[in-house]
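Worksheet: one structure, shown below.
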Amino acid sequence: MWHKLAILLEMIKFKHSVFALPFALMALVLAADGLPPLRVLFWVIVAMVGARTAAMTFNRIADQRFDAANPRTAARALPAGLVSSRESWLLVLASSAFFFLACAMINRTTLIMAPFALGLTFFYSLTKRFTWLCHLVLGLALALAPVGGWAAVTDTFAGYPWVLSIGVLFWVAGFDCIYACLDADFDRSAGLHSMPAVLGRQNSFRLAVLFHAIAFICFTLTGILMGLNGWYYAGIILTGAALFYQHLIVHPQDLSRIKQSFFSMNGLIALTLFTAVCLSLLTS
């Protein structure tokens, strides 16, 4: 059982939850102006884990045929036969149920948001088949995380700093565009659409730089709009350095350190901004 659980967690890249969860928690503490009710905090975490698990598992199911044909992904659990389609669909259904339960336990607004948020994450898995804007769709899906965190406390969208979600959208689209360069040749041969496959690696890197510049501006504006203090801007400086570094260590001709760029730097960015918000609120 534990071995199967380990396979499932690796299949859905559970450790990558560090990307979206800190932004939901960031909006949560901003809306509460400090520590939110523990009940709300608990159900927000359940909702985030449930939504991401359902979305990632659905993505693996939808991409199973392509993953099996791609040498880089052929060893993944589903194409390798380590997990069955039945087990995967059961995981989608169970995690979706937990997500809806958590949203219902929080408030009416989060419950109303639930089908749109989960539906968008499922829809993303299909977009690569017909548009190179798929990276922006993924960014939009993750951008709903802080909206949900805010609504969990306030039961409304009033007062929400929408620039935070715009920042998340372009931050995610930028790093996903870079990561997609690993499969540019395969995507092109398989008739799949991604920015690297359609526009080429060089142009995709240029767009990623633009996306991350927009994200940095939006994250900075979030601090201004929410009246955060110097601790937040210290986090912004570190965020800018991490964004710059991930573009420094990978380029179109050398993708050897792309996993370090993708996971380490972006995980650091999410955790840094969340910590910076918490420190700002604690010292204001």
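We did not get these values from a lab; they are worked out from the coordinates using the rules stated. None of the values given here were measured: they were computed from a predicted structure. Glycine also receives a Cβ, built like all others from the backbone with ideal geometry; neighbour counts cover every protein chain displayed.
Radius of gyration and Dmax for the stretch 24-140's Cα atoms, expressed in Å?
16.4, 49
Bin by bin, in steps of 10 Å, what percent of the Cα pairs in the stretch 134-284 do you find, going until the bin that has the longest distance?
12, 39, 31, 14, 4, 0
Under the rule that an exposed site lies in a DSSP loop and has at most 16 other Cβ atoms within 10 Å, name the longest stretch of the chain with no trypsin sites (Lys or Arg not before Pro) of that kind, not counting the sites themselves.
130-256
Given R₀ = 35 Å, what would the calculated FRET efficiency be for ASN229 paired with GLN260, taking r from the Cβ atoms and rounding to 0.05?
Taking R0 as 35 Å, the efficiency between ASN229 and GLN260 is 0.65.
Using only alpha carbon pairs under 8 Å that are at least six residues apart, calculate the relative contact order of the stretch 24-176 and give it in whole percent.
31 percent
Computed over the Cα atoms, what is the radius of gyration of the stretch 111-214 divided by 2.2 N^0.38 Å, N being its residue count?
Compared with the compact-globule rule of thumb, the stretch 111-214 sits at 1.18.
Just to be sure I understand the model, the point goes 7 Å from the Cα along the line to the Cβ. What's the resulting LEU210 to PHE122 distance in nm?
The answer from the label model is 3.3 nm.
Viscosity 1.306 mPa s, temperature 10 °C: give me the Stokes-Einstein translational D for the stretch 64-115 in µm²/s, with Rh taken as the Kirkwood radius over C-alpha pairs.
Approximately 123 µm²/s, per Stokes-Einstein.
Just to be sure I understand the model, the point goes 7 Å from the Cα along the line to the Cβ. What's the resulting HIS251 to ALA158 distance in nm?
Distance between label points: 5.2 nm.
From the backbone phi of the stretch 104-111, what are the Karplus-calculated ³J(HN,Hα) couplings (6.51 cos²θ - 1.76 cosθ + 1.60, θ = phi - 60°) in whole Hz, Gly and Pro given as x?
Working through the residues one at a time gives 5, 6, 7, 6, 5, 5, 5, 5 Hz.
How large is the direction-averaged shadow of the alpha-carbon convex hull of the chain, in nm²?
14.1 nm²
Using Cα-Cα distances under 8 Å and only pairs 6 or more residues apart, what relative contact order does the chain have, in percent?
21 percent
Compute the length gained on full extension between LEU93 and LEU38: take 0.36 nm times their separation in residues and subtract their Cα-Cα distance, giving the result in nm to one decimal.
Contour length minus the Cα-Cα distance gives 17.1 nm.
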